[in-house]
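We did not get these values from a lab; they are worked out from the coordinates using the rules stated. Small disclaimer: the values here were computed from a predicted structure and weren't measured. Glycine also receives a Cβ, built like all others from the backbone with ideal geometry; neighbour counts cover every protein chain displayed.
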Amino acid sequence: MTYQQKNYWVVDKTVDNLSSTEEILQAAHHIQQNHVIAFPTETVYGLGGNAQSDEAVNRIFNAKGRPSDNPLIVHISAQEQLEQYVQEIPDQARRLMEAFWPGPLTIVFRHNGTLSTKVTAGLNTVAVRMPDHPVALALIEAADRPIAAPSANRSGRPSPTTATHVHDDLSGRIAGIVDGGPTGIGVESTVVDCSSEQVMILRPGGVTKEALEEVVGQVDVDPALIEINQAPRSPGMKYTHYAPTAPLILVDGDVDYFCEQIIRAQDDGQRVGALITNEYCGMTGANKEVLMGVSTELSTIAQHLYDSLRSFGENEVDVIFAQVFTDSHLGSAIMNRLTKAAGGTVRRQ
Ligand code: TXA
Ligand code: MG
């Protein structure tokens, strides 16, 4: 199905009673009609549809070009809604919900069969989160439906952190866009499995491992996130993701080593992009430098990561070199996304 992109609602996220504004009511009406709408969350923009409707969920997969074996996250607007969709709420999950909802934490539960089987890709579990964004919460409330929403990018592209990114990827393929300004966190939610005693991170994201451990003690990380040849427990983690318009190579070394890679590529006749922190500004000799922020401010780097990956235009450079980050705190999510964007290619000094 193709749509004319006439439904574009600009929403001020600070106004009171958002869920009864004309813009949100119109967007919610489309969700109720099983059409799909992009909307902001605190992490990235989501592409939302009624999680109880096969028709709506099919539209999400089609618009994104997403493989149908990759399940979606279901978004709710109040903790009480959860029990309508899951078999049980384990103790650890309850403590994590208390600590981090609303917020960038997605929890995997055993579902009770009330949601579209397309949402869960036929698994016996469902991933649920309550987003911490007034526009997202208002839309779920006004639609009065659980909203299934992957990131609102074409499959394989960097996730969208502005409505413009969504428009670039999905214009004409979806029923509308709610523009609530740029998102805050910039990387997606952390996905955790609480179905056994030991809480396990399936995807690193906005809530850090260190923060989770303060609430539930030791947390494991899916071994597949560390060892390349293991099958990940989160189906989405096996796909190539976040790809910019030119091949990306991570550079793990000092600034001289970084510059060396650039000079060598230029000697080979390549136009080089550099994805760097502010400390490297003007030092790399690259044909285009994109700055992500100061290296010690990981939250700023996360915020700018996807926009930076998107900022290399088609045919602007032939190769992009990127700095690496510490693999702790928010750095784990940043490194997970960069490694995927690079298809695992790293040069080490
Ligand atoms: O921040 C976010 O989580 C954003 C916003 C829009 O909420 N959403 C998002 O959705 O990142 P998506 O579809 O791009 O990523 C969902 C991830 C995928 O890796 C998927 O495989 C995993 O969650 N997932 C979904 N259901 C699962 C399940 N039942 N078991 C394990 N992993 C699951
Ligand atoms: Mg995604």
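List of remarks:
- Two-decimal ratio, the range 166-259, of alpha-carbon radius of gyration to 2.2 N^0.38 Å: 1.43
- Fluctuation leader among VAL255, VAL221, VAL290 - the chain, Gaussian network, Cα springs under 10 angstrom: VAL255
- Semi-axes of the equivalent ellipsoid of the range 103-147 are 21, 13, 7 Å, computed as sqrt(5λ) over the eigenvalues of the C-alpha gyration tensor in descending order.
- Assuming charge only on the beta carbon of Lys and Arg (+1) and of Asp and Glu (-1), the dipole of the chain about its Cα centre is about 1000 debye to the nearest 20.
- Given LYS6/LYS118; LYS6/LYS64; LYS118/LYS238; LYS64/LYS238; LYS209/LYS340; LYS13/LYS64, the pairs whose alpha carbons are separated by over 23 Å: LYS6/LYS118; LYS13/LYS64
- Sequence-distant contacts, meaning Cα pairs under 8 Å at least 6 residues apart, place the relative contact order of the chain at 19 percent.
- Residue order for VAL272, VAL324, fewest other beta carbons within 10 angstrom first, comes to VAL324, VAL272.
- Bins of 10 Å, starting at 0 and running to the largest distance - Cα pair percent for the chain: 6, 26, 33, 24, 10, 2, 0
- Rg/Rh (Cα only; Kirkwood hydrodynamic radius) as it applies to the range 1-138: 0.96
- Taking the range 156-208 and dividing mean pair separation by its residue count, relative contact order in percent (alpha carbons under 8 Å, at least six apart): 28 percent
- Prolate/oblate/rounded label for the range 219-349 (Cα gyration tensor, a/c 1.5): prolate
- On Cα atoms only, tilt of 54-64 relative to the major axis of the chain in degrees: 10 degrees
- Helix 91-100 axis versus longest C-alpha principal axis of the chain: approximately 70°, rounded to the nearest ten.
- Acute angle (nearest 10 degrees) that the helix 22-32 long axis makes with the longest principal axis of the chain, alpha-carbon atoms: 80 degrees
- Normalised by the number of residues in the range 248-348, the mean separation of alpha-carbon contacts (under 8 Å, six or more apart) gives a relative contact order of 39 percent.
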